[in-house]
1. Taking θ = phi - 60°, what integer Hz values does the Karplus form 6.51 cos²θ - 1.76 cosθ + 1.60 yield along region 166-177, in sequence order, with x for Gly and Pro?
2. Computed FRET efficiency, Cβ-Cβ of Glu274 and His366, R0 35 Å: what is it to the nearest 0.05?
3. If the chain between Asp15 and Arg222 were fully stretched, how many nm would it gain, using 0.36 nm times the residue separation less the Cα-Cα distance?
4. Would you mind putting 3-10, 192-199 in packing order, based on average other-beta-carbon counts within 10 Å, highest first?
5. Could you look at the chain and say what percent of its accessible area is carbon and sulfur, using a 1.4 Å probe and all protein chains?
6. Using R₀ = 56 Å, calculate the FRET efficiency as 1/(1 + (r/R₀)^6) where r is the Cβ-Cβ separation of Lys189 and Arg339; round to 0.05.
7. Suppose a student asked you for the relative contact order of the chain, using Cα pairs under 8 Å spaced at least 6 residues apart; what percent would you report?
8. Restricting to the chain, what percent of DSSP beta bridges are antiparallel, rounded to 5?
Amino acid sequence: MPVLVMKFGGTSVADLDRIANAAAKVRAEVERGHEVIVIVSAMSGKTNELVKWVSETATFYDAREYDAVVASGENVTAGLMALRLQEMGIPARSWQGWQVPILTTSQHGSARFIDIPRTNIEQKFAEGMKVAVVAGFQGLSPENRITTLGRGGSDTTAVAFAAAFDAVRCDIYTDVDGVYTTDPRITKKARKLDRISYEEMLELASLGAKVLQTRSVELAMRYKVRLRVLSSFEEVTETSGTLVCAEEDIMESKAVVGVAHSREEAKITLFTIEDRPGIAAAIFGPLAEAGVNVDMIVQNISEKDYDEAHPGAVTDMTFSCPVDQVPRARRAMEEARARGAINYDDLIIDDDVAKVSVVGIGMRSHTGVAARMFTTLAREGINIKVISTSEIKISVLIDRKYMELAVQALHDAFALEGAGRS
Ligand code: ASP
Ligand code: MG
């Protein structure tokens, strides 16, 4: 029998009525002839509450106990969902991570999958169970301790099960009806995409479109899991939601499919650094050790013999990182300078910037995307501070106050309001 994975996020299981609503969607799939693996999140707000309890109890908490506490939210919804399905006459059973067992590494708080053996669940399916309700977000370490996968990790649990059980599809039920061309709160012209490629979704997910945990998309791409994102508050039809799929399954290739944004960015420039082999390593090594997530990097062309005080070649280095990591980045740079590992005249921080990006696999074959993007921003009088590109993405840093304007203008310029992609 074909296996379908259905995942319900926190808002979809926020109370008993919503669990009943989700259960009705599960029943419909059982009636369509599927064996169903349901992955549940904790009720919305629950995980935050548990995290708060942990940090109120211990500032420097033991990560193993953090996981023991924080994983419990999913246990509650798994049991309730199984009960609700049983009440509807559907043979269902709940599974906590250790019962499957979902084997992970022992990096508590951000564990990774090692293996999900099928035997236990398959045996129950063979005995007549129709639905396995699995607690998302959790696993079991080689030391036999409960682990969690990082916030938003239930998406990744769902994709991992779909891969392990060769599921026909992995449906992610959430509170939005799909993936949009941009944030609908910024422009009403944003529209739902019928399809998006793994690569595009990955760019949008990591650029701040928070529909799916980034790791779940990486995993889906690796194992070619067809992912569908859809709303648990709407009637499900064949065309519901957005299908995240391989590039080959997408007919039309517009140059740009989406405009992403990330509001809380900062830009840091080290002025007048030596231009010599090893300088970049000497800067970014300490930043990595300090846990700074460096995003864009720009190194100026070297100026020879800058002035008498600075014989030899010098240059400037600029990088961006999340605004809340600025203190750490600054400290790492100051310490590296004090140690003599690097040398700079000035460290300038601009913590008032945002990143706006256009994304699309069509960029590989369409020319002029960058020109159109820059012309559009120029017409709005928006100054670009840093540019970076990849094969399917162009990102710019701009003053934060222009972020909405930039998103709206680019959404218009690339005609994203037009007919849905299919
Ligand atoms: N409950 C966990 C969280 O809030 C995992 C999830 O919902 O995906 O992060
Ligand atoms: Mg989520």
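1. 6, 5, 5, 6, 10, 9, 9, 8, 9, 9, 10, 8
2. Values: r = 40 Å, r/R0 = 1.16.
With R0 = 35 Å, the Cβ-Cβ based efficiency is 0.30.
3. That pair, Asp15 and Arg222, stretches by 71.1 nm at full extension.
4. Numbers: 3-10: 26.1, 192-199: 21.8.
Averaged packing, sorted descending, gives the order 3-10, 192-199.
5. Working: 9340 of 19200 Å².
Exposed carbon and sulfur together represent 49 percent of the surface.
6. In this case the efficiency is close to 0.60.
7. Reported as a whole number, the value is 14 percent.
8. On the way: 45 of 74 bridges.
Bridges in the chain are about 60 percent antiparallel.
The values are calculated or read from the model by the stated rules, or taken from the named source; none is laboratory data. Owing to the predicted nature of the structure, the values given are computational and were not obtained by experimental measurement. Methodologically, a virtual Cβ is constructed for each residue, glycine included, from the backbone with ideal geometry; neighbour enumeration extends over all protein chains shown. Please note that ligands, DNA and RNA were not included when accessible areas were found on the heavy atoms of the full protein model with its side chains. Shrake-Rupley method; radii C 1.70, N 1.55, O 1.52, S 1.80 Å.
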